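In what follows, a single structure is set out as C-alpha cells and then discussed.
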Amino acid sequence: MTFASLGLIEPLLRALDGLDYKTPTPVQAQAIPAVLKGRDLLAAAQTGTGKTAGFALPLLQKLLQEGPQVAANSIRALVLVPTRELAEQVHASFRAYGQHLPLRTAVAYGGVSINPQMMKLRKGVDVLVATPGRLLDLYRQNALKFSQLQALVLDEADRMLDLGFARELDEVFAALPKRRQTLLFSATFSEAIRQMAKGLLRDPLSIEVAPRNTAAKTVKQWLVTVDKKRKAELFLHLLQANHWRQALVFAKTRKGVEELLGLLQRDGIAADSIHGDKPQPARLRALQRFKAGEVDFLVATDVAARGLDIEEMPLVVNFDLPIVAEDYVHRIGRTGRAGATGQALSLVCADEVQLLAAIETLIGQTIQRREEDGFEPEHRVPQTAPGGQVLKKPKKPKQPKVAEGKPGKIHLGELLADKPQVKAVRKAPGFAKAPGNAKPPASKKRPSSR
Ligand code: AMP
C-alpha cells in the first residue's frame with residue numbers, strides 16, 4: 001500500500017517523500033481514507049503508531065479542498081492535546097506535512113506569554129493545536145472564534161481527563177459548532193472516555209491498532225525488586241554494570257527527579273530533567289538537549305510520559321512505579337517506537353506491590369522479575385499476578401508465568417549487554433522502506449527538528 005493509493009494529493013506526498021515515509025502504518029491506512037470521506041473517528045492508538053499523520057494528513061487535505069478562506073481570529077481545525085510538549089510536537093508534524101500547502105498553523109499552550117499567541121491568531125489560522133486551558137483563555141478574551149470550525153481532534157483524550165481537563169473540555173465543546181467532523185484518539189478506554197465519545201461523535205468509525213490497554217509489543221519489560229532505600233544505589237550500579245548510555249528515567253515526584261538528577265550529575269553523567277515545577281522554556285530545552293544527544297539521561301515525572309517522540313530510545317527506567325496504572329503503558333511507550341525494539345525496566349520495592357498488581361492487571365501479563373546480586377531486598381515484594389492478586393507466598397518451585405523470556409534470577413547484564421544501547425535500527429513491517437529506493441532519511445530526527 002502507498003500513501004498515493006489512500007487518496008492523498010501531490011503536495012502531501014511530496015512532503016512525505018522528503019520525510020522518508022514510504023508505507024502507511026496500520027492506523028494511517030485506516031484513518032486517512034475515512035477522514036477524507038468526512039467520517040468521525042474513534043481510535044484506540046498508542047503514540048508511536050503514526051497516529052499524528054493519520055489525522056493530520058487528511059485534515060490538511062480537506063482544509064485545502066473544502067471550506068472558506070479563514071477569517072480574522074478564526075480557526076478551521078482545532079487539535080486539543082494534554083501537554084505543552086505534545087502541542088509543540090503535533091504542531092511540528094502539521095508544519096512538516098503541510099510544508100507545501102498554503103495553510104496557516106499555530107500552537108497555543110499555557111506557561112508562556114499569551115500575547116504572541118493572540119497576535120498569531122489575529123489573521124486567522126487554519127489549524128490550531130492547543131491545550132484546553134490556554135484555548136479557553138484565548139476564547140474568553142475574544143482572541144478566538146469558532147464559527148468557521150470544520151474539524152475537532154482530541155488527541156490523547158484519556159490523558160486530558162487524567163490531568164483534570166474535563167470541565168474545560170465541556171466548555172470548549174459547548175462553544176463549538178455542532179456541524180463538524182470529530183476525531184477522538186485515546187490509548188486507553190475508561191467509562192469516562194466512552195461517555196465523552198458518545199456525546200461527541202456521530203456514527204464514528206472505530207479503529208483499534210494495538211489491543212486495548214496493552215503495552216507496545218516491541219518493548220521487553222522486566223523488573224528488579226529492591227528495598228526502597230537502596231533504589232538510587234541500585235540504579236547507579238545497573239547503569240555502570242550494563243554500560244547504559246541513554247535512558248529516559250521516571251520518578252514519582254519532582255523532588256525525586258531532582259535528587260536522582262543530582263546523583264547522576266555528581267557522577268559526571270550528562271543528564272537533565274523535566275517536571276511541572278520547571279518553567280516551560282527549561283522543559284523544552286531539556287527535551288531538545290536529550291533529543292539532540294547533548295544529554296544522555298532525562299529524568300522526568302509523568303509530565304513527560306505521554307506523546308513525546310524520542311526516536312530510537314533504547315531504555316526506559318521506572319525508578320518509581322506510576323500511581324496511575326495507565327501511565328505505565330505510556331511511559332514504556334517512549335521506547336520501542338516506530339518498530340525499534342526497546343527495554344523497560346522497573347525498580348520495585350515492597351511498598352509498590354499494589355501498584356505493580358494494578359499494572360499487571362491492566363496489561364494482562366506478569367512482568368518478568370529479577371533480583372540483582374548484592375541488592376536482594378530485605379522487605380520482600382510479594383508475588384503478583386494479573387487480576388490484581390497479590391499472592392502472599394511465592395509458589396515454589398513453580399515460577400510465575402512471564403511475558404517473554406525465561407523466568408528466574410538472571411543477571412541483568414545478560415539482557416542488556418548483548419544489545420547496543422544506542423542507535424537501534426528502526427525496522428518494522430509498518431514502516432518498511434521501499435525496496436530499491438534506499439535513500440537515507442533526510443534526518444534522524446522527527447519533524448519537530450526540521
Ligand atoms: P506518532 O505515533 O504520530 O507520534 O509517530 C511516531 C513516529 O513515527 C514519528 O517519529 C513519525 O515521524 C514516524 N512515522 C509516522 N508515520 C510514519 C510512516 N508512515 N513511515 C515512517 N515513519 C513514520
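The values are calculated or read from the model by the stated rules, or taken from the named source; none is laboratory data. What you see is a predicted model, and the numbers here were worked out from it, not measured in a lab. Neighbour counts run over all protein chains shown; Cβ positions are idealised from the backbone, glycine included. Quick note on the areas: whole protein, heavy atoms, side chains included, nothing else; ligands and nucleic acids left out. Shrake-Rupley method; radii C 1.70, N 1.55, O 1.52, S 1.80 Å.
So, in segment 214-238, of the ones that are more than 18 Å from residue 155 (Cβ to Cβ) and under 16 Å from the mean Cα position of the chain (by Cα), which residue ends up modelled with the highest pLDDT? Step by step, filter segment 214-238, then rank; the result is 219.
Of all the criteria given as (1) under 23 Å from residue 274 (Cβ atoms); (2) at pLDDT below 95; (3) among the hydrophobic types (A, V, I, L, M, F, W, C), the one not satisfied by residue 90 is (2).
How about segment 64-81: which of its residues are charged (D, E, K, R) and touching a Gly at 6+ places or on another chain (Cβ under 7 Å)? If the condition is that a residue be charged (D, E, K, R) and touching a Gly at 6+ places or on another chain (Cβ under 7 Å), then 76 is the only one that fits.
The single condition among (1) within 24 Å of the chain's Cα centre (by Cα); (2) away from the ligand (no atom under 16 Å from the Cβ) that residue 64 does not meet is (1). Every test in (1) at pLDDT below 95; (2) outside the structural domain of residue 320 (by TED's automatic domain parsing) is passed by residue 180 save one, and that test is (1).
Of all the listed residues (192, 232), the sole one being open to solvent by 50 Å² or more (accessible area, probe 1.4 Å), in contact with a helix residue (DSSP H, G or I) (Cβ under 8 Å, 6 or more places away or on another chain) and assigned to a helix (DSSP H, G or I) is 192.
Within segment 88-100, residues that are closer than 16 Å to residue 288 by Cβ reach partners that are away from the ligand (no atom under 12 Å from the Cβ) and open to solvent by less than 10 Å² (accessible area, probe 1.4 Å) with beta carbons closer than 7 Å, at six or more positions or on different chains, in the pairs 91/129. Return yes when residue 400 is modelled with pLDDT of 90 or more, crowded, with 17+ Cβ neighbours inside 10 Å and of a type outside the set (A, V, I, L, M, F, W, C) and no when it is not. Answer is no for this residue. Among the residues of segment 23-37, none qualifies, meaning not one is hydroxyl-bearing (Ser, Thr, Tyr) and either assigned to a strand (DSSP E or B) or closer than 15 Å to residue 153 by Cα (or both).
The residues of segment 44-61 include none that are on the phi > 0 side of the Ramachandran plot and more than 7 Å from the ligand (Cβ to nearest atom). When the residues of segment 288-320 are filtered to those that are open to solvent by less than 10 Å² (accessible area, probe 1.4 Å) and assigned to a helix (DSSP H, G or I), the one that is modelled with the highest pLDDT is 290. Among the residues of segment 258-276, those identified as outside any loop (DSSP other than H, G, I, E, B) and over 19 Å from residue 313 (Cα atoms) are 258, 259, 260, 262, 263, 265, 266. Here residue 96 fulfils each of the conditions (1) open to solvent by 20 Å² or more (accessible area, probe 1.4 Å); (2) touching a Pro at 6+ places or on another chain (Cβ under 6 Å); (3) among the aliphatic types (A, V, I, L, M) apart from (1). Looking only at residues that are surrounded by 19 or more Cβ atoms within 10 Å (Cβ to Cβ) and more than 11 Å from the ligand (Cβ to nearest atom) in segment 10-30, which one is farthest from residue 185 (Cα to Cα)? Restricting to residues being surrounded by 19 or more Cβ atoms within 10 Å (Cβ to Cβ) and more than 11 Å from the ligand (Cβ to nearest atom), the top hit is 15. Taking the conditions (1) open to solvent by less than 10 Å² (accessible area, probe 1.4 Å); (2) under 28 Å from residue 65 (Cα atoms) in turn, residue 136 satisfies each one other than (2). Just to be sure before I move on: is residue 70 of a type in the set (Val, Ile, Thr), within 13 Å of the ligand (Cβ to nearest atom) and within 21 Å of residue 124 (Cβ to Cβ) in the structure I sent? Here the answer is no, as residue 70 does not meet what is asked. Taking segment 97-169 as the region of interest, the strands (runs of 3 or more DSSP E) fully inside it that hold 1 or more residues being farther than 26 Å from residue 34 by Cα are 105-108.
Conditions (1) in a loop (DSSP other than H, G, I, E, B); (2) free of Cβ contacts under 8 Å to residues at least 60 places away in the same chain; (3) touching a Phe, Trp or Tyr at 6+ places or on another chain (Cβ under 7 Å); (4) assigned by TED's automatic domain parsing to the domain that holds residue 335, marked per residue:
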residue	(1), (2), (3), (4)
13	no, yes, yes, no
39	yes, no, no, no
47	yes, no, no, no
58	no, yes, no, no
64	no, yes, no, no
70	yes, no, no, no
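The condition (being closer than 20 Å to residue 188 by Cα and β-branched (Val, Ile, Thr)) is satisfied by just one residue among 35, 79: 79. Criterion applied to 121, 149, 103, 86 was being under 30 Å from residue 326 (Cα atoms) and among the aliphatic types (A, V, I, L, M), and the one residue passing it is 86.
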